[in-house]
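Report on the structure given below.
The values are calculated or read from the model by the stated rules, or taken from the named source; none is laboratory data. Since the structure is predicted, the reported quantities are computational estimates derived from the model, not experimental observations. Here the Cβ positions follow ideal geometry from the backbone for every residue, glycine too, while neighbour counts run over all protein chains shown.
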Amino acid sequence: MKIIQTPEAMRVWSDEQRRQGHSIGFAPTMGALHEGHLSLIRAAARENDVAVASIFVNPAQFAPTEDYDQYPRPFDDDIAKIEAEHVHTVYAPTAADMYAEGYATYVHVEKVSQGLCGASRPHFFRGVATVVAKLFNAVKPHRAYFGQKDAQQCAVIRRMVRDLDMGVEIVEMPIVREPDGLAMSSRNEYLTAEDREKALCLSRAVRCGETVLRNGERNARVVIDAVRDLMREVTVDYVEVVDAETMAPVEIVERPVTLVVAAFLPTARLIDNIKFDPGEQQT
Ligand code: AMP
């Protein structure tokens, strides 16, 4: 396993791969890897000549009140999981490698990052866009793999890549779920048994919303009310039907949309979503 720590060393490796004509697939993560992460790493390896996974808990996307210090960091286990996928290059910079003394440059993606998670976590997408831009500059991938689980994050990254002419293909991979439906997340391990049970209402609620949409309902308000009704056990942050690309709320479902939900449990804030394209409906 080749563990690369600095942006300079990462660029040297990537330049050499590109010189040899290899396509580079990239799966950025914050570690504490589960099957959701591994699905991205697997796809990066399958669809490219070489693959890189990164492990970096990005301080720029955590507010001072959030869980940066407590965030799980089982580094050796993560490396073993990546190696088991036959991926032999990991980029794992330190916070000091990424944000040196005097660091002052941030990427702010307007509009798409404003509502939803951007509303309850105001620093979040600025931190995410900044770190992904920096990771792309070091890894120089041809394709980068992100999870639909973080649908707004995908939309923000796509917008950034287009607006800044980054020339990286963004591949969005389906949400990987636990057998009972809960979307996998590194933060699920914060949940008590009782809260984990309550957390199941998120996946049940989005599945119900999907059924309502498939049955022909096009009024977003009706869908939202049905979804909220199933989330009474948790403190709802938001339930919205948004345009899949811009993440702006829609009233009538006429284009591809994402039904997004977020909720606060005592020990973790959880998100889930489903995508729906009225044009793909079977009659
Ligand atoms: P994180 O380590 O939480 O920053 O996540 C790294 C990447 O894994 C992001 O692109 C996430 O969207 C993706 N991811 C996290 N959970 C899942 C999941 N349950 N299914 C698919 N992808 C996921």
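Observations on the structure shown:
- Counting only helices (runs of 4 or more DSSP H) wholly contained in the stretch 1-118, the ones carrying 2 or more residues that are within 15 Å of the ligand (Cβ to nearest atom) and over 21 Å from Lys140 (Cβ atoms) occupy 35-46, 75-84.
- Any hit, the stretch 197-208, residues being under 25 Å from Gly279 (Cβ atoms), without any contact (Cβ under 8 Å) to a residue 24 or more places away in the chain and more than 22 Å from the chain's Cα centre (by Cα): yes
- Candidate set from the stretch 249-283 (those that are free of Cβ contacts under 8 Å to residues at least 60 places away in the same chain and polar (S, T, N, Q)); member that is nearest to Asp163 (Cα to Cα): Gln282
- Among the helices (runs of 4 or more DSSP H) confined to the stretch 144-239, the ones with at least 3 residues that are near the ligand (Cβ under 10 Å from one of its atoms) and not charged (D, E, K, R) are located at 151-163.
- The stretch 246-283, subset acidic (Asp, Glu) and more than 20 Å from the chain's Cα centre (by Cα), residue surrounded by the fewest Cβ atoms within 10 Å (Cβ to Cβ): Glu280
- From Thr211, Thr246, residue being among the hydroxyl-bearing types (Ser, Thr, Tyr) and in contact (Cβ under 8 Å) with a residue 12 or more places away in the chain: Thr246
- Only one entry in Ala138, Ala155, Ala129, Ala63 is in contact with a His (Cβ under 8 Å, 6 or more places away or on another chain), buried (at least 21 other Cβ atoms within 10 Å of the Cβ), in the same structural domain as His22 (by TED's automatic domain parsing) and not polar (S, T, N, Q), namely Ala129.
- Cβ pairs under 9 Å, 6+ apart, first in the stretch 14-39 and over 14 Å from Tyr91 (Cβ atoms) and in contact (Cβ under 8 Å) with a residue 12 or more places away in the chain, second of a type in the set (S, T, N, Q) and more than 7 Å from the ligand (Cβ to nearest atom): His22/Asn48; Ser23/Gln17; Ser23/Asn48; His34/Asn188
- Condition met for Arg121 (within 14 Å of the ligand (Cβ to nearest atom), over 18 Å from Met30 (Cα atoms) and in contact (Cβ under 8 Å) with a residue 40 or more places away in the chain): no
- Test: residue in the stretch 185-192 that is crowded, with 19+ Cβ neighbours inside 10 Å and in contact with a Pro (Cβ under 7 Å, 6 or more places away or on another chain): yes
- Just one of the numbered conditions (1) assigned to a helix (DSSP H, G or I); (2) at pLDDT below 95 is not true of Val128: (2).
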